[in-house]
Structures are given as C-alpha cells and as structure tokens.
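Peer 1: This is the structure, below, for whatever I ask next.
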Amino acid sequence: MHQFLKHFFLPHHSNNHRAKALHIDSLLCYVLLFAIFNLGIRIVHREFPNVLGYATDIRVDALLASTNAERASNGLSALKLNGALSQAAAAKAQDMFANDYWAHNSPQGKTPWSFIVGSGYKYTIAGENLAKNFSTSGGVVSAWMASPTHRENIVKPGYQDVGFAVVNGTLNGEETTLVVQMFGAGGAPIAEVPPVKTVIPESAASSEKPIVAEVPQLGEQTAEEIVPVAKSVDVVASPVAPISSVLSNAFSAVTKTPMFNIPTVTRDIAFMFIGLIIGVLIIDGLVVSRKKIVRVAGHNMAHILFFVAFFIALTMVRRGVLL
Amino acid sequence: MKLKYVNFIVLGIILASGIFTFSGAQNDRTIQLFVGIATSIAYVLWGMIYHALEGDLHLKVVIEYSLVGAIAIILLLTILWT
C-alpha cells in the first residue's frame, strides 16, 4: 500500500520521476471516469429520484414573506397576495412548460400581460420576475434583489398586489423548478375575476413528491372562493394559512428532499478532485525541483494556476437562473 | 528567464480574462460552458507555445496539456449540467 501511494503520488524512479497520478494515462482515466460519473448521475437520478435528486424547498408563503421583508426594509408597504395574479403566474408557468421556452414572451408572441389580462386582473402597472432551478425561497428572492432589474420590480412603490406560481417540470429537456412572480396595481375586485381553466403539465403533476397543500387546483377554483381570502390576507402578520387557501396546491410549493442532493454531490467530488490534483502537482513540482530532475512534461506551476482558475470559476456556478 | 515571466503573465491574463468573463455570464450556462472551453483551448495553445519557446515541445507534452484542458471541461460540464 505504501509503495502504491508512493508510486501514485510522488515522483520516483518507479514512475519515471513523475507521480503516476499525473501520467497521461491517468489523466485520460480521469476524463473517462468523470464522463461515466456524469452519465451515472443522470441514470440514477432518472431511476431513483428520491435517492439522487435536486433538493428543493420553495414555497409561496416564504417567497411572499421575503418579498415583503425586502419592501419593508425599503420603507414600502407590503404587497397583498392576489389570487388572479397567482392564476396568471400559474398559467404563465404552464405555458412555458407546454411550449418549452424560458422567456418573458412566448414563441407565439404571448406577453406576460396577456396572462394577467386573461386572469381577469385589470392593471394600471404590472411586472414579472422569473426564476428557475433555485433550491430555496430565500435564494430566489436574494437573487432577484441582487439583480437591478428584478430588484426594481420588488421595491417598486406603485405595486399593490403580487401573485406567485412555483411549478416543477421539464424545460428544454432539463428538470426545472420554475418560479413566476407577477406584480400589479389597480386590479379589479377579485370577485369579478372569472375562473381560469388550467391544466397541470404532466411532468409537473408527476414530479417526485414535490407538491404541498391540499387545495383544489386553480382550474377548479371559482372566483367567489378566492375573494374573501385574498381580501383578508395580512401577509406580514400571518402569511401561511391564508396563502394556502388562496393558492392552488399544485402551484404553491415545490419541496423535494432526496437522500443525496445532486449539486452538492457533484461539487464536493469535483472540488475534492481539483484539490487532490493541485496537491499532487505541488508535491511533484517540489520534489523534482529539489532533486533537479530533468524530464519531459508539462509545467506544474502552469497546471496549478489553470486548476486554481477553474476552481474559482466553478465556485461561481449557480444553478439558479433569473430572467 | 525574462521570457518565462512574460509567458506566465500572459497565462495569468488568459486565466483572469476567463474568470472575469465566466463571472459575467452568471445567468447563461451555455456561455459559461463556451468560456470554459475557450479558456481551456487558450491554455493548451499557451502550453504549446511556452514549451516551443523553451525548446522542449513534444507530443507527450501536447497530449498532457490537452488532457488537462479536457479534465477542466468535463468538470465544468459536471457542475453545469447535472
């Protein structure tokens, strides 16, 4: 074992004075192993999503609370959760999954405003924030606040109402958790809002164990059912109970707790590997330099700088994306 | 020796540019992947030029730099697309 470790990690006559871990055949093995690893993760995730999946906990109540907390910190009034805007957000999310697009306007030219109008909400001003693939509600709102254009929506004084939809499905062939946030002001009384017929995307409906509440779907709700609750929502004082009453089960939360979280697993393994390679390169370089060994090989310091640069870049990768 | 420093300054610029561009494309993973691939290719080219100037450019060295670049790309793919 000792000999093997020495052979693998230290420059030695047995490995032609270059740590075996840095030999060309070893480097090729790493490439192949990571390719297999990638493939394996996809297969295991597809077959056993509860074992290897994407941990997600995004809830409308938390999104609303975070949004209003940001507004409060800017001296603005709290937004009221509006059933019509939530229906518009849900319809938008469904349209995105159905037509497989990630944009404010659909490929057919439908704008966010058409969904708002379709829900019966009469607005004087309106706005839309989109997010996908975040793992927590706080992460979504923090990312929106870090983006000037999204922040502008959240802290716009003119808005009075907000609606949310959180939906899991497949977008562009990738498992995606969409968050749609729609803002508005000047909406008509919710009692006038007609019910919107909506269909849950098959992929969303069949997601692992994502969906929380037990309320009827949006398409089954009537305007009258929505009215009193929406009117009475005090989002700051008690956001949870009223919200679950206003929103459809299918669009109010996506929660998944797989045994192993894919982003965590892949990052841990990738970072450990880079750390190991950098360590071997440093030791190899030091030994060769001290023993003044001449050999034909790449420059260790260059490799180290390259891997450090990639390490830094990889730490910047965020799974969540805004639009 | 002076040439060596210049070469490493060039490498530093390549890598710093890569990181800077990568961080600027936070909302677009496809661009991030392309930046990663471009940086890796630039690194392989840098390695070939560096060793050519040092007078020890061999096929083995070219393969080594190419595989190091390939490892970086596969790691990036692992993080970006899983």
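Coordinate-derived values only; no laboratory data. Computed from a prediction, not measured in an experiment: that's the story for all the values here. Here the Cβ is made from the backbone with ideal geometry for all residues, glycine too, and neighbour counts use every protein chain on show.
Peer 1: Restricting attention to helices (runs of 4 or more DSSP H) lying wholly within the stretch A:1-103, give those where 3 or more residues are under 30 Å from A:Phe251 (Cα atoms). Write out each step before concluding.
Peer 2: Details: elements: A:2-9, A:24-47, A:60-73, A:83-99.
Filter on the stretch A:1-103 gives A:24-47, A:60-73, A:83-99.
Peer 1: In the stretch A:7-23, is there at least one residue being within 30 Å of A:Phe134 (Cα to Cα) and touching a residue at least 60 places away in the same chain (Cβ under 8 Å)?
Peer 2: no
Peer 1: Quick test for you: out of A:Ser106, A:Ser114, pick the one residue that is surrounded by fewer than 21 Cβ atoms within 10 Å (Cβ to Cβ), of a type in the set (Ser, Thr, Tyr) and assigned to a helix (DSSP H, G or I).
Peer 2: Answer to the check: A:Ser114.
This table checks each residue for (1) in contact with a strand residue (DSSP E or B) (Cβ under 9 Å, 6 or more places away or on another chain); (2) touching a residue at least 40 places away in the same chain (Cβ under 8 Å); (3) surrounded by fewer than 24 Cβ atoms within 10 Å (Cβ to Cβ).
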residue	(1), (2), (3)
A:Asn133	yes, yes, yes
A:Ser137	yes, yes, no
A:Val140	yes, yes, no
A:Pro148	no, no, yes
A:Val155	no, yes, yes
A:Glu175	yes, yes, yes
A:Val179	yes, yes, no
A:Gly184	yes, yes, no
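Peer 1: Got a sec? Which of B:Ile79, B:Ile63, B:Ile74 is farther than 12 Å from A:His299 by Cα and more than 17 Å from the chain's Cα centre (by Cα)?
Peer 2: One residue alone meets the criteria, B:Ile79.
Peer 1: Would you check if there is a residue in the stretch B:14-24 being surrounded by 15 or more Cβ atoms within 10 Å (Cβ to Cβ), β-branched (Val, Ile, Thr), out of contact with any Pro (no Cβ under 7 Å at 6 or more places or on another chain) and facing chain A (nearest Cβ under 7 Å)?
Peer 2: Within the stretch B:14-24 (the criterion being surrounded by 15 or more Cβ atoms within 10 Å (Cβ to Cβ), β-branched (Val, Ile, Thr), out of contact with any Pro (no Cβ under 7 Å at 6 or more places or on another chain) and facing chain A (nearest Cβ under 7 Å)), the answer is yes, since at least one residue qualifies.
To keep it simple, each residue is scored yes or no on (1) under 18 Å from the mean Cα position of the chain (by Cα); (2) more than 14 Å from A:Met182 (Cα to Cα).
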site	(1), (2)
A:Leu52	yes, yes
A:Ser73	no, yes
A:His104	yes, no
A:Gly109	no, yes
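Peer 1: Please specify each residue of the stretch A:274-323 satisfying the condition of being of a type in the set (A, V, I, L, M), at the interface with chain B (Cβ under 9 Å from one of its Cβ atoms) and more than 34 Å from the chain's Cα centre (by Cα).
Peer 2: A:Val296, A:Ala297, A:Met301, A:Ala302
Peer 1: Same structure again: For the structure I just gave you, tell me whether B:Tyr5 is under 16 Å from A:His299 (Cα atoms), out of contact with any Pro (no Cβ under 7 Å at 6 or more places or on another chain) and within 11 Å of another protein chain (Cβ to nearest Cβ).
Peer 2: no
Peer 1: Next question, about the same structure. Can you give me the number of residues within the stretch B:27-75 that are aliphatic (A, V, I, L, M) and either outside any helix (DSSP H, G or I) or more than 7 Å from chain A (Cβ to nearest Cβ) (or both)?
Peer 2: Residues flagged as aliphatic (A, V, I, L, M) and either outside any helix (DSSP H, G or I) or more than 7 Å from chain A (Cβ to nearest Cβ) (or both) within the stretch B:27-75 amount to 17.
Peer 1: In the stretch A:101-131, what residues are within 20 Å of A:Ile58 (Cβ to Cβ) and free of Cβ contacts under 8 Å to residues at least 12 places away in the same chain?
Peer 2: Within the stretch A:101-131, no residue meets the criteria.
Peer 1: For the stretch B:27-41, enumerate the residues that are free of Cβ contacts under 8 Å to residues at least 40 places away in the same chain and either surrounded by fewer than 19 Cβ atoms within 10 Å (Cβ to Cβ) or touching a His at 6+ places or on another chain (Cβ under 9 Å) (or both).
Peer 2: B:Asn27, B:Asp28, B:Thr30, B:Ile31, B:Phe34, B:Ile37, B:Ala38, B:Ile41
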